[in-house]
Amino acid sequence: MESDIKSLLAVSGLADRVKGMIIAAMLPHVAKQANIERGISRRTYRMVLADLHTDRNAADSEAFIAFKKLDAKQPNGKRNPNSIVIADDKVVTMADVRRKHQERSDKAKAAAAKRKAER
């Protein structure tokens with residue numbers, strides 16, 4: 001897992017000491033994720049950012065600033081090409097939430113009907 005994190009941070013050009021601090025902060029959070037070759041989720045990014053925040057780690061704000069820049073937008077407003085954060089495939093509108101809920105409900109009802117028919 002550590003090698004995957006190092007490969008994500010390779011494009012950033014960070015100092016080794018700062019990379020070590022970021023890797024140490026990321027390990028507990030990305031250990032639960034199966035595939036981080038493409039990047040980390042927005043939720044994981046926020047959790048690691050909170051762990052690196054200067055309120056928790058007042059001794060060194062360099063890692064916090066460096067990690068925060070990994071998702072910063074460019075001056076022209078476009079996404080940072082070196083960003084390690086991938087877009088979440090999460091529901092974004094209430095219509096999507098209702099649709100997903102209905103799909104799960106229909107799937108559960110079909111499974112229950114199938115179980116009942118098999119008895």
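Where a number appears in this text, it was derived from the coordinates with a stated rule and is not lab data. Just so it is clear, the model here is predicted, and its values are computed rather than measured. Virtual Cβ from ideal backbone geometry, glycine too; neighbours counted across all protein chains shown.
Quick look at the values:
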{"item": "Potential extension, Asp55-Lys68 segment - 0.36 nm per residue separation minus Cα distance", "result": "3.2 nm"}
{"item": "Nonlocal amide H pairs with Val85, under 5 Å, H built at 1.01 Å", "result": "Ile40"}
{"item": "Environment charge at Glu62 (Cβ cut-off 13 Å; Lys +1, Arg +1, Asp -1, Glu -1)", "result": "+2"}
{"item": "Inter-label distance for Lys100 and Ser3, nm, one decimal - labels placed 7 Å from Cα along Cα-to-Cβ", "result": "3.4 nm"}
{"item": "Karplus-derived 3J(HN,Hα), 6.51/-1.76/1.60, for each residue of the stretch 99-116, Hz, glycine and proline x", "result": "4, 4, 4, 5, 4, 5, 5, 4, 5, 5, 5, 5, 5, 5, 5, 5, 5, 5"}
